[in-house]
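Here's the structure, in structure tokens; my notes come after.
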Amino acid sequence: MHLEVNNLQKEFPTKQGAVTALKNINMHVETGEFVCVIGASGSGKSTLLRLVAGLDFPSSGEIKVDQVPVIGPGRDRGMVFQQYTLYPWLNVAKNVEFGLKLQGISRAKRKERVDYYLNVVGLTQFKNALPKALSGGMKQRVAIARALACEPKILLMDEPFGALDVQTKETMQQFLLEIWRRTGTSILMITHDVEEAVFLAQRIYVLTARPGTVQREFNINLPGKEEARSYHVKSLPEFQQYRETITQMLRDNTVEQEVMVG
Ligand SMILES: Nc1ncnc2c1ncn2[C@@H]1O[C@H](COP(=O)(O)OP(=O)(O)OP(=O)(O)O)[C@@H](O)[C@H]1O
């Protein structure tokens, strides 16, 4: 899998004139990589992910997955959003199965995949439950299983843990790392949480705000990449260093914006 974003630009027409949400964005994700995009509010993170997902079109530039230009949504890219997007009237298993049905996959194969991915996310016992009976973290695990079940080339995640409480969020981050290792899936994730990005990603793109441009790319080298990484990593000086550098970068950005507006 090779995802590339070349000279991407996105403008939105408004009554006050065009707003440039993204400008000259270049980035890539390779097979099995975990990449985060971080930026302050308004830096165009969601816009970027929507473009990669094919839910909107760039004003210029292009996005390719394995050399094929993105011209709309496709099963090569799985999406997980911040808000739980489960069908409330379908039970957990049927939610996971939904996309497979649309793909015309046979009943036997569907059952096999649903069972497999429910096991991956640890929700086998809840397969007959309706979403309303699940906690926020569990709902998000169903959403991840649903996206993985379609076996996309890359998982696109838009602040997937943004609506969860701190405790659940930490559990889900650890859990996502385990899934990533187990399935070898490639992940492109948007977040505004520096600690989350440094903990999860192998590489981080930091965006500036208005217009969103890539300010810097970081390779995150922390111990425990191969084996299960634990939260102890957060107390390492290297971790703190990454966190402080990126936080400062975002802060400077925000201050510049405020000065410009003021
Ligand atoms: N449909 C739209 N029409 C006009 N402007 C838009 C539209 N969508 C986004 N924008 C503008 O583009 C910029 C980037 O928005 P976007 O939501 O992608 O940022 P973000 O980094 O995801 O922000 P947040 O973290 O607050 O969600 C903002 O200035 C926003 O106002």
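The values are calculated or read from the model by the stated rules, or taken from the named source; none is laboratory data. What you see is a predicted model; the values in this text were computed from it and never measured. Note that each Cβ is placed from the backbone with ideal geometry, even for glycine, and that neighbours are counted across all protein chains shown.
When the range 149-186 is examined, which residues are found to be away from the ligand (no atom under 16 Å from the Cβ), part of a strand (DSSP E or B) and farther than 24 Å from Ala93 by Cβ? Within the range 149-186, Ile154, Ser186 meet the criteria. Restricting attention to the range 8-18, the residues being over 21 Å from Val206 (Cβ atoms) and near the ligand (Cβ under 8 Å from one of its atoms) number 3. Beta carbons closer than 9 Å, at least 6 apart along the sequence or on distinct chains, pair a first residue in the range 33-54 that is without any contact (Cβ under 8 Å) to a residue 24 or more places away in the chain and in the same structural domain as Phe218 (by TED's automatic domain parsing) with a second that is more than 12 Å from the ligand (Cβ to nearest atom) and among the hydrophobic types (A, V, I, L, M, F, W, C) for Gly54/Ile63; Gly54/Val70; Gly54/Ile71.
Here is a check on your reading of the model: is Ala143 within 16 Å of the ligand (Cβ to nearest atom) and among the small types (Gly, Ala, Ser)? No; evaluated as a whole, the condition is false for this residue.
Can Val29 be described as at negative phi, away from the ligand (no atom under 12 Å from the Cβ) and in contact (Cβ under 8 Å) with a residue 60 or more places away in the chain? Answer is yes for this residue. Residues that are more than 8 Å from the ligand (Cβ to nearest atom) and assigned to a strand (DSSP E or B) within the range 32-49 comprise Phe34, Val35, Cys36, Val37, Ile38, listed in sequence order.
Is there a residue being in contact (Cβ under 8 Å) with a residue 40 or more places away in the chain, of a type outside the set (Asp, Glu) and crowded, with 18+ Cβ neighbours inside 10 Å anywhere in the range 104-113? Spell out the reasoning first.
Start the filter on the range 104-113 by keeping residues that are in contact (Cβ under 8 Å) with a residue 40 or more places away in the chain, which leaves none.
Within the range 104-113 (the criterion being in contact (Cβ under 8 Å) with a residue 40 or more places away in the chain, of a type outside the set (Asp, Glu) and crowded, with 18+ Cβ neighbours inside 10 Å), the answer is no, since none of the residues qualifies.
Does Leu90 count as of a type in the set (A, V, I, L, M, F, W, C) and more than 20 Å from Gly184 (Cβ to Cβ)? So Leu90 passes the test. Of all the listed residues (Gly99, Gly104), the sole one being under 17 Å from Ala149 (Cα atoms), in the same structural domain as Ala145 (by TED's automatic domain parsing) and in a loop (DSSP other than H, G, I, E, B) is Gly104. When Pro131 is tested against (1) over 22 Å from Val37 (Cα atoms); (2) at pLDDT below 95, exactly one condition is not met: (2). Mind checking which residues of the range 187-220 are surrounded by fewer than 23 Cβ atoms within 10 Å (Cβ to Cβ), in a helix (DSSP H, G or I) and within 12 Å of the chain's Cα centre (by Cα)? Scanning the range 187-220 gives a single hit, Glu196.
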